[in-house]
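Peer 1: Sharing a structure with you now.
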Amino acid sequence: MPADTIALVLRRVGRATQNSISRLGFAARFFAMVLYHSPAALKRLQLTLREVYFSGVLSLVIIMVSGMFVGMVLGLQGYDTLNRYGAGDSLGIFVGLSLVRELGPVVAALLFASRAGSAITAEIGLMKTTEQIAAMEMMAVDPLARVIAPRFWGGIVSMPLLAALFSVMGVFGAYIVGVRLIGVDNGTFWGNMQGGIDFWPDVTNGIIKSIVFGIAISLIAVFEGYDAKPTAEGVSTATTRTVVGASLAVLALDFVLTVFMFRGAT
Amino acid sequence: MPDARPPLAAPTCPTEIAVELRDVSFGYDKRRPVLSGIDMVIPRGKVVAIMGGSGCGKTTILRLIGGALRPQAGSVVVAGQDVRELDRDALFALRRRIGMLFQFGALFTDLSVFENVAFPIREHTELPEELVHDLVLMKLNAVGLRGARQLAPSELSGGMARRVALARAIALDPMLVMYDEPFAGLDPISLGVVGQLIRKLNDALGITSVVVTHDIYESLKIVDYIYFVSAGRIVAKGTPAEVRASSDPFVRQFVDGAPDGPVPFHYPANAIEQEFASAG
């Protein structure tokens with residue numbers, strides 16, 4: 001390989017690394033600034049509540065319907081697998097643990113990133129493109145306090161609630177399939193679930209996961225929107241980056257959190 | 001008649017100067033300066049236009065005045081304060097005394113016309129709701145859109161959006177209002193309305209106006225003084241009467257709308273013979 005080509009490749013790798021580190025630094029500073037402006041933003045609670053509505057309430061349909069279907073599939077697959085070992089009656093605890101500890105927080109977070117995260121990024125990006133953010137700054141209103149922090153906290157509040165609803169709907173879906181259609185005993189289904197799932201650590205671990213996912217998704221969504229190039233292509237790219245970045249972050253964080261939670265349990 | 005106004009004398013008393021740029025240079029990167037050695041004085045109570053072709057650095061001057069950008073050299077003094085030396089709090093305090101009209105209005109799309117105009121009042125004051133209501137209606141009445149207060153920005157025409165943005169810009173009774181291309185994309189009637197509003201509000205409210213535009217005809221009707229900017233430098237300046245009578249090649253090209261002149265028609269390129277020869 002000629003020396004010129006090697007130099008070119010090295011230059012490109014170097015530049016890409018430099019850009020990534022610089023962007024990571026900007027994101028860290030941005031996070032610190034959002035936290036700094038949060039008390040002022042949270043004082044005006046109606047701003048955050050409005051974002052809870054847009055991020056949370058408007059995500060209810062997709063979360064509840066998805067939860068129901070995931071629970072129904074889990075009921076079918078779970079019963080089939082468990083029944084091979086003569087443990088079909090354990091469907092309740094199997095479904096409950098899977099949803100509360102893993103599927104509820106993770107799938108709800110992936111759906112939240114796709115629906116609410118992308119909407120937050122697109123909205124902030126478009127505000128930037130149409131100079132609304134610049135107008136706010138010229139009016140001596142800090143967009144970090146007025147636009148970014150409420151959306152960030154709105155996402156964090158919404159995420160655990162949506163994950164909980166996802167799990168509830170999943171359990172209900174599994175109940176319909178397992179008890180109503182397949183014929184698992186009703187009392188055994190609920191009794192096993194009640195006896196086998198502890199609030200600490202099962203439910204609390206799920207809550208901790210969904211809060212961490214909420215922080216990650218909200219931060220990525222507001223950052224990508226704020227950092228978007230003020231063009232149609234820029235907003236489109238930023239929205240894609242939010243969905244891809246937030247989804248990968250959720251899956252990676254899930255692994256890390258699960259490792260720590262299992263270590264704590266053993 | 002705008003030309004009947006007394007010619008703009010260079011002000012000597014500092015308190016009479018709303019904005020002053022002294023030997024200002026700026027560039028987004030060091031190799032390509034956007035502005036070089038800009039000297040500009042904007043006296044209190046006057047309407048001053050900054051004119052020039054697209055991409056010549058006009059809007060950058062507004063951003064420097066508003067403190068959104070910091071000059072690499074020179075100073076930008078607004079209301080006696082050097083913008084470059086202000087910290088964030090002081091800059092925001094200064095901006096509360098400045099209104100800005102963006103090119104396409106930059107209205108908040110999730111708020112109604114009323115709420116857009118009320119926005120700066122609600123953000124910076126704790127006035128009772130009744131007073132906010134009356135203030136907003138007064139501002140909307142000044143731009144002729146009191147009846148449109150319940151409309152959403154998406155329901156407004158370009159001219160109406162510009163007028164709502166103007167009402168919002170004067171909501172806190174600023175000492176300075178900056179207009180970024182206020183005439184762009186407007187039909188002749190809206191253009192005349194916006195032009196007259198700029199002049200009348202300036203005189204009625206005793207504010208100072210800086211209008212960045214490339215609309216020479218509308219500007220000559222309403223402004224007191226014009227700076228011509230080309231390639232980041234001030235190339236001409238004068239009152240509307242002086243501009244009309246000017247023989248300066250740049251001013252003439254601008255006033256006459258000539259396609260070629262000091263501002264060339266062709267983007268710099270190799271000689272055409274060379275290009276075709278290489279293609280062959």
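Where a number appears in this text, it was derived from the coordinates with a stated rule and is not lab data. From a predicted model like this one, the values you see are computed outputs, not experimental measurements. Here the Cβ positions follow ideal geometry from the backbone for every residue, glycine too, while neighbour counts run over all protein chains shown.
Peer 1: Please average, across the residues of B:85-92, the number of beta carbons from any other chain that are within 10 Å of each residue's own beta carbon, and give a whole number.
Peer 2: Values: counts 0, 0, 0, 2, 1, 0, 2, 5.
So the per-residue partner count for this stretch is 1.
Peer 1: Compactness ratio of segment A:81-130: Cα Rg over 2.2 N^0.38 Å, N = residue count? Spell out each step's value before the answer.
Peer 2: On the way: Rg = 19.1 Å, N = 50, 2.2 N^0.38 = 9.7 Å.
Normalised Rg, Cα atoms only: 1.97.
Peer 1: A further question on this structure: Among B:A79, B:A90, B:A165, determine the one that fluctuates most according to a GNM of chain B built with springs between C-alpha atoms less than 10 Å apart.
Peer 2: Evaluated over chain B, the most mobile residue of the options is B:A90.
Peer 1: Two-decimal Rg/Rh of segment A:3-265 from alpha-carbon positions, Kirkwood Rh?
Peer 2: Working: Rg = 21.8 Å, Rh = 20.1 Å.
Ratio of gyration radius to Kirkwood radius: 1.08.
Peer 1: Relative to the compact globular guide of 2.2 N^0.38 Å, what is the alpha carbon radius of gyration of the protein assembly as shown, as a ratio?
Peer 2: On the way: Rg = 30.3 Å, N = 546, 2.2 N^0.38 = 24.1 Å.
In units of the 2.2 N^0.38 Å rule of thumb, it is 1.26.
Peer 1: Would you give the gap between the C-alpha center of segment A:43-61 and the C-alpha center of segment B:27-75, rounded to a whole Å?
Peer 2: Computed from Cα coordinates, the inter-centre distance equals 41 Å.
Peer 1: Quick one: among A:R101, A:R11, A:R180, which has the greatest mean-square fluctuation in a GNM of chain A with alpha-carbon springs under 10 angstrom?
Peer 2: Comparing A:R101, A:R11, A:R180 in a Gaussian network model of chain A, the most mobile one is A:R11.
Peer 1: Here's a follow-up. Once you average over the residues of A:234-245, how many Cβ atoms of partner chains fall within 10 Å of each Cβ? Numbers along the way, then the final one.
Peer 2: Details: counts 0, 0, 0, 0, 0, 0, 0, 0, 0, 0, 0, 0.
Going residue by residue through A:234-245 and averaging, the value is 0.
Peer 1: Roughly how crowded by other chains is peptide A:126-136, in terms of the mean Cβ count from those chains within 10 Å of each of its Cβ atoms?
Peer 2: Counting Cβ atoms of other protein chains within 10 Å of each residue's Cβ and averaging gives 5.
Peer 1: Could I ask something else about it? Assuming a ≥ b ≥ c are the square roots of the Cα gyration tensor eigenvalues, decide whether segment A:1-121 counts as rounded (a/c under 1.5), prolate (otherwise, with a/b larger than b/c) or oblate. Before the final figure, lay out each step's value.
Peer 2: Numbers: a/c = 3.33, a/b = 1.42, b/c = 2.34.
Oblate.
Peer 1: Cα-based count: Lys pairs in chain B below 16 Å, eight or more positions apart or different chains? Mind showing how you got there, number by number?
Peer 2: Working: B:K46/B:K200; B:K46/B:K221; B:K46/B:K237; B:K58/B:K237; B:K139/B:K200; B:K200/B:K221; B:K221/B:K237.
Counting lysine pairs in chain B gives 7.
Peer 1: I would also like to ask the following. With a cut-off of 16 Å, note down the residues of segment B:116-150 whose backbone N falls inside the zone around a label point 7 Å from the Cα of B:A79 toward its beta carbon.
Peer 2: Taking a point 7 Å out along Cα→Cβ of B:A79, the residues of segment B:116-150 whose backbone N falls under 16 Å are B:120-121, B:124-125.
Peer 1: Further question: Return the single residue from B:L107, B:L131, B:L140 with maximal mean-square fluctuation; model: Gaussian network over chain B, springs between Cα atoms under 10 Å.
Peer 2: Of B:L107, B:L131, B:L140, the most mobile in the Gaussian network model is B:L131.
Peer 1: Just from its helices, what would the mean residue ellipticity at 222 nm be for chain B, if runs of 4 or more DSSP H residues each count -39500 (n - 2.57) and the sum is divided by every residue, rounded to the nearest 500 deg cm²/dmol? Before the final figure, lay out the partial values.
Peer 2: Values: 10 runs with 101 residues, N = 280.
After summing the helix terms and dividing by the residues of chain B, the value is -10500 deg cm²/dmol.
Peer 1: Taking only Cα atoms, what is the 0 to 90° angle, nearest 10, from helix A:45-55's long axis to the longest principal axis of chain A?
Peer 2: Rounded to the nearest ten degrees, it is 70.
Peer 1: Hey, another quick one. Given the convex hull over the Cα atoms of segment B:2-246, what projected area results after averaging over all orientations, in nm²? If you can, show how the numbers build up before the last one.
Peer 2: On the way: hull surface 54.1 nm².
The number I arrive at for segment B:2-246 is 13.5 nm².
Peer 1: What fraction of the DSSP beta bridges in the protein assembly as shown is antiparallel, stated in percent and rounded to the nearest 5?
Peer 2: Numbers: 20 of 38 bridges.
Once the DSSP bridges in the protein assembly as shown are tallied, antiparallel ones form about 55 percent.
Peer 1: What is the distance in Å between the Cα centres of segment A:197-238 and segment B:98-135?
Peer 2: 31
Peer 1: Using per-residue counts of other Cβ atoms within 10 Å, averaged over each peptide, order B:255-262, A:79-86, B:62-69, A:50-57 from highest down. Don't jump to the answer; show the numbers that get you there.
Peer 2: On the way: B:255-262: 11.9, A:79-86: 13.4, B:62-69: 21.1, A:50-57: 19.1.
In descending order of packing, they fall as B:62-69, A:50-57, A:79-86, B:255-262.
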